[in-house]
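Engineer: So that we are looking at the same thing, I have put the structure below in structure tokens.
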Amino acid sequence: MNWLITGGAGFIGTNFIHHILSSRTDVTIINYDLLTYAGNRDNLKTYEETPAYTFIQGDICDRNQVDRVLRDYEITTIVHFAAESHVDRSIVGPMQFVVTNVNGTATLLDATREYWLNNTAAPSGEKRFHHISTDEVFGSLKPGEPAWTEEIPYAPNSPYAASKAASDHLVRAYGHTYGLPVTISNCSNNYGPYQFPEKLMPVVILNALNNRPIPVYGDGQQIRDWLYVEDHCEAIARILADGKPGETYNIGGINQPTNLLIVQTICHLLDELSPSADGRSYESLITYVKDRPGHDRRYAMDSGKIRRELGWVPRHNLEDGLRMTVQWYLDNPDWVESITSREQFRDWMNKNYAQRGGSAK
């Protein structure tokens, strides 16, 4: 069982590979990642000498390289994480999201179609192409509207969401037209270890520890459904094992606080686990900044289908997940330093802060 994991050096891909290699002995992982700013090969250095793990630096838009990897490693399962994934970046530079998320997914799908369906040398047996997507393809919920099910029409609002919606449609089209054995999962906001520090939770943790302002968009009353990354990995594994080809599954954490409450909770955890030198609460660093253009107000996922059909439910509540996440960042300062010292990271953060009227330094 040779699994190709695209984007496996990123946040969710890293956690998924850790999950599979620590729980399965019948799977060989080929981690295919371009190592852009958010990819970190060191996330998986513990497996570098393991026969069941191979890293290949590569671009999903490079058809010739994708073809070689599929053929040389006789790939039987593809789990497609590789994507540009930060809404703020998509607003500043949308075209890279189209290139990676749309063109890259199309390239991967077509290479897989040619190898699995039109090549007699392809490995026999059950195959699966699983595509990781997002709840943002559904748009924004108004107060009182029910959570999204898999049947809700797409209504993406950001360039990132639109690019992921397009990739979802391509996956479905290749399944319907060519019979490619595809599944899709739309997940809610992930958090946990190894998350690149441009997303909300690591931004709050690291800014607080460095006595920098903690930015909160608008009034902070935006609502997201928060999913601990380990629960997400378990859901993907369940879909690969028991999911029906052609089906889509929503994966939510059943946690829907406001962004402001998330920020305040993290501050209180840091007050407990790593008190500031001056004795003040980290909550005093909260700074309200201009809202993101077109900021979706509320997301909520209905995970009833995956619960009914595959028996998956998240194991971590938000309180436990946040505590583990904060503790992980406190316990891994070397990893944080290796990421935040990158010139690409500093340039982006300074640019982002300048737009908000501050500085990342």
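The values are calculated or read from the model by the stated rules, or taken from the named source; none is laboratory data. If you're wondering where the values come from, they're calculated on a predicted model, not measured in any experiment. Note that we place each Cβ from the backbone using ideal geometry, even for glycine, and neighbour counts take in every protein chain shown.
Engineer: Inspect all residues belonging to segment 93-109 and state whether any of them is of a type outside the set (A, V, I, L, M) and touching a strand residue (DSSP E or B) at 6+ places or on another chain (Cβ under 8 Å).
Structural biologist: yes
Engineer: Next question. Ala38 passes all but one of (1) buried (at least 19 other Cβ atoms within 10 Å of the Cβ); (2) at pLDDT 95 or above; which number fails?
Structural biologist: (2)
Engineer: Still on this model: Among Gly125, Gly139, which is the only one that is surrounded by fewer than 23 Cβ atoms within 10 Å (Cβ to Cβ), in contact with a Pro (Cβ under 8 Å, 6 or more places away or on another chain) and touching a residue at least 40 places away in the same chain (Cβ under 8 Å)? Show your work before the answer.
Structural biologist: Working: Gly125 fails: in contact with a Pro (Cβ under 8 Å, 6 or more places away or on another chain).
Just a single option satisfies the conditions, and that option is Gly139.
Engineer: Taking into account only those residues within segment 1-57 that are aromatic (Phe, Trp, Tyr) and either free of Cβ contacts under 8 Å to residues at least 60 places away in the same chain or touching an Asp or Glu at 6+ places or on another chain (Cβ under 7 Å) (or both), which is nearest to Asn101 (Cα to Cα)?
Structural biologist: Within segment 1-57, the match that is nearest to Asn101 (Cα to Cα) is Tyr32.
Engineer: Moving on to the next point. Return the residues of segment 104-129 that are among the polar types (S, T, N, Q) and either closer than 14 Å to Leu4 by Cβ or not assigned by TED's automatic domain parsing to the domain that holds Arg172 (or both); say none if nothing qualifies.
Structural biologist: Correct list: Thr105, Thr107, Thr112.
Engineer: Taking strands (runs of 3 or more DSSP E) that do not extend beyond segment 1-115, which have at least 1 residues that are closer than 20 Å to Ile239 by Cβ, hydrophobic (A, V, I, L, M, F, W, C) and touching a Ser or Thr at 6+ places or on another chain (Cβ under 7 Å)?
Structural biologist: Output list reads 2-6, 28-33, 77-80.
Let's see how each residue does on (1) of a type in the set (Gly, Ala, Ser); (2) touching a helix residue (DSSP H, G or I) at 6+ places or on another chain (Cβ under 8 Å); (3) under 19 Å from Val289 (Cα atoms):
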{"site": "Pro197", "(1), (2), (3)": "no, yes, yes"}
{"site": "Pro202", "(1), (2), (3)": "no, yes, yes"}
{"site": "Gly220", "(1), (2), (3)": "yes, yes, yes"}
{"site": "Glu234", "(1), (2), (3)": "no, yes, no"}
{"site": "Ala237", "(1), (2), (3)": "yes, yes, no"}
{"site": "Gly243", "(1), (2), (3)": "yes, yes, no"}
{"site": "Tyr249", "(1), (2), (3)": "no, yes, no"}
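Engineer: Ile286 passes all but one of (1) closer than 29 Å to Val98 by Cα; (2) in contact with a helix residue (DSSP H, G or I) (Cβ under 7 Å, 6 or more places away or on another chain); (3) modelled with pLDDT of 95 or more; which number fails?
Structural biologist: For Ile286, the exception is condition (1).
Engineer: Test each condition in (1) closer than 20 Å to Gly192 by Cα; (2) more than 22 Å from the chain's Cα centre (by Cα) for Ser22 and report the one that comes out false.
Structural biologist: (2)
Engineer: Here is a follow-up. Just to confirm my filter: which strands (runs of 3 or more DSSP E) fall fully inside segment 152-247 and include at least 1 residues that are over 14 Å from the mean Cα position of the chain (by Cα) and at pLDDT 95 or above?
Structural biologist: 182-187, 214-217
Engineer: Still on this structure, I have one more. Just need a number here: residues in segment 142-161 that are crowded, with 18+ Cβ neighbours inside 10 Å, more than 20 Å from Val87 (Cα to Cα) and among the polar types (S, T, N, Q).
Structural biologist: Looking only at that region, the number is 0.
Engineer: Kindly list the number of the only condition in (1) out of contact with any helix residue (DSSP H, G or I) (no Cβ under 8 Å at 6 or more places or on another chain); (2) modelled with pLDDT of 95 or more; (3) buried (at least 16 other Cβ atoms within 10 Å of the Cβ); (4) not hydroxyl-bearing (Ser, Thr, Tyr) that fails for Arg308.
Structural biologist: With (1) out of contact with any helix residue (DSSP H, G or I) (no Cβ under 8 Å at 6 or more places or on another chain); (2) modelled with pLDDT of 95 or more; (3) buried (at least 16 other Cβ atoms within 10 Å of the Cβ); (4) not hydroxyl-bearing (Ser, Thr, Tyr) applied to Arg308, the lone miss is (3).
Engineer: Criterion first (in the same structural domain as Gln96 (by TED's automatic domain parsing) and under 22 Å from His295 (Cβ atoms)) does Ser163 satisfy it?
Structural biologist: Considered against the rule, which asks whether it is in the same structural domain as Gln96 (by TED's automatic domain parsing) and under 22 Å from His295 (Cβ atoms), Ser163 comes out as yes.
Engineer: Only one of Asp278, Asp291 is at pLDDT below 95, surrounded by 13 or more Cβ atoms within 10 Å (Cβ to Cβ) and over 22 Å from the mean Cα position of the chain (by Cα). Can you tell me which?
Structural biologist: When all the criteria are applied, what remains is Asp291.
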